[in-house]
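The values are calculated or read from the model by the stated rules, or taken from the named source; none is laboratory data. Everything numeric here is computed off the predicted structure, so don't read it as measured data. Heads up, the Cβs are rebuilt from the backbone with ideal geometry, glycines too, and the neighbour counts pull from every protein chain shown. Each accessible area value is taken on the protein alone, full model and side chains, heavy atoms only, with ligands, DNA and RNA left out. Shrake-Rupley method; radii C 1.70, N 1.55, O 1.52, S 1.80 Å.
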Amino acid sequence: MARRRTAIVLGSGLLDDIPLAALADAFEHVRLVDAVHLWPARVVASRFRNVEHLSLDIGGTARMLLEGTSEPEDTLTAICGRADVDLVISANLLSQLPILPLDWYDSRGRPGPPDLARSIVAAHVDALTRTQARVCLVTDVVERELGRAGCETDRLDLLHGLKLPPSDRVWDWDLAPFGETEPGRRLVHRVQAYPDWHRALRI
C-alpha cells in the first residue's frame, strides 16, 4: 500500500484474530471498532499509543429494532469514508451481524422484516464496496455439523443466501470440536478471505 495513515478494524472483539502489533507498527493510526470493547482488549490496545477504540452499532440495526425502520442504517460511511482512511478490515464479523436482531424479534414473538438477516449482511457488504480505501474482508460463510463417522448431519448458510465472489483464500475453522457442545457433534466453519475486496469484485 502506497499510503498507511489510518487502518480501521471492524469487529475487533477480543483481538484474538487481529495482528494489532503489526497494524500499529505499519499505520499512523489504528481504530478498533465494535459494539462493546471488553477490558482484556482495552488492556492489549493500551500498549500502543496510536490505537484507539470506537464503539459503534456496526450493523446499523439499533434504530431498526427500536424505532421500527425497515432497513439497516448506514453507520460505516462516516468513519470508513474519511479521506485519511487507507485500510478497512472486516474481521470475522459478517456472519455475526444478524444474530442479535434475529434473537430480538424471536424473544418478543414478533416476525421480523422479510429477509431481515440477508438485508443486514448485504448492507455491510454494500458499505464495504462503497468504501474507497483498501478493504480486507474475512468471513465465515457456512457452518457444517459433523458426526463421529465424519458424515455431515446439518449445514447452515451463515450469509443467508448472499453469494460472494471467489476468494483468495479458503480454510476450515474447527469452531467446536467433539465434546465441546456434545460428545458426538463437531461444528466446522468454512472461512473465506479477501485481502483486496475491490479486486475480487473485478475478477
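At-a-glance table
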quantity: Single residue of region 86-117 satisfying the filter (among the aliphatic types (A, V, I, L, M) and part of a strand (DSSP E or B)) that is farthest from Ala24 (Cα to Cα); calculated: Ala91
quantity: Sole exception among (1) of a type outside the set (Asp, Glu); (2) open to solvent by 50 Å² or more (accessible area, probe 1.4 Å); (3) within 17 Å of the chain's Cα centre (by Cα) for Arg49, by number; calculated: (3)
quantity: Scope region 41-55; condition within 18 Å of Ala91 (Cα to Cα) and either in contact with a helix residue (DSSP H, G or I) (Cβ under 6 Å, 6 or more places away or on another chain) or at pLDDT below 95 (or both); matching residues; calculated: Val51
quantity: Residue pairs meeting the criteria (Cβ under 7 Å; at least 6 apart or on separate chains; first in contact (Cβ under 8 Å) with a residue 60 or more places away in the chain, in region 6-21; second in a loop (DSSP other than H, G, I, E, B) and of a type in the set (A, V, I, L, M, F, W, C)); calculated: Thr6/Phe27; Ala7/Phe27; Val9/Ile18; Leu10/Ile58; Leu10/Leu93; Gly11/Ile58; Gly11/Leu93; Ser12/Ile18
quantity: Inter-residue pairs, beta-carbon under 8 Å, first within 22 Å of Ala200 (Cβ to Cβ) and free of Cβ contacts under 8 Å to residues at least 40 places away in the same chain and in region 108-129, second open to solvent by 10 Å² or more (accessible area, probe 1.4 Å) and assigned to a loop (DSSP other than H, G, I, E, B), 6+ apart; calculated: Val125/Leu162; Val125/Leu164
quantity: Top-ranked residue in region 132-155 [being part of a strand (DSSP E or B) and basic (Lys, Arg); ranked as nearest to Gly59 (Cα to Cα)]; calculated: Arg134
quantity: Output for region 156-189, where each listed residue is within 21 Å of Ser119 (Cα to Cα) and either among the polar types (S, T, N, Q) or assigned to a strand (DSSP E or B) (or both); calculated: Leu156, Asp157
quantity: Every residue from region 70-84 that is touching a helix residue (DSSP H, G or I) at 6+ places or on another chain (Cβ under 8 Å) and either touching a residue at least 60 places away in the same chain (Cβ under 8 Å) or open to solvent by 50 Å² or more (accessible area, probe 1.4 Å) (or both); calculated: Ser70, Glu71, Glu73, Asp74, Leu76, Thr77, Cys80, Gly81
quantity: Odd one out for Met1 among (1) in a helix (DSSP H, G or I); (2) of a type in the set (A, V, I, L, M, F, W, C); (3) open to solvent by 30 Å² or more (accessible area, probe 1.4 Å); (4) closer than 24 Å to Arg130 by Cα; calculated: (1)
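To keep it simple, each residue is scored yes or no on (1) assigned to a loop (DSSP other than H, G, I, E, B); (2) out of contact with any Leu (no Cβ under 9 Å at 6 or more places or on another chain).
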residue: Ile58; (1), (2): yes, no
residue: Leu66; (1), (2): no, yes
residue: Glu71; (1), (2): yes, yes
residue: Ser119; (1), (2): no, yes
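Yes/no per residue for (1) modelled with pLDDT under 95; (2) among the acidic types (Asp, Glu); (3) more than 13 Å from His198 (Cβ to Cβ); (4) open to solvent by 30 Å² or more (accessible area, probe 1.4 Å):
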site: Val125; (1), (2), (3), (4): no, no, no, no
site: Leu128; (1), (2), (3), (4): no, no, no, no
site: Leu137; (1), (2), (3), (4): no, no, no, no
site: Asp140; (1), (2), (3), (4): no, yes, yes, no
site: Arg144; (1), (2), (3), (4): yes, no, yes, yes
site: Glu152; (1), (2), (3), (4): yes, yes, yes, yes
site: Asp157; (1), (2), (3), (4): no, yes, yes, yes
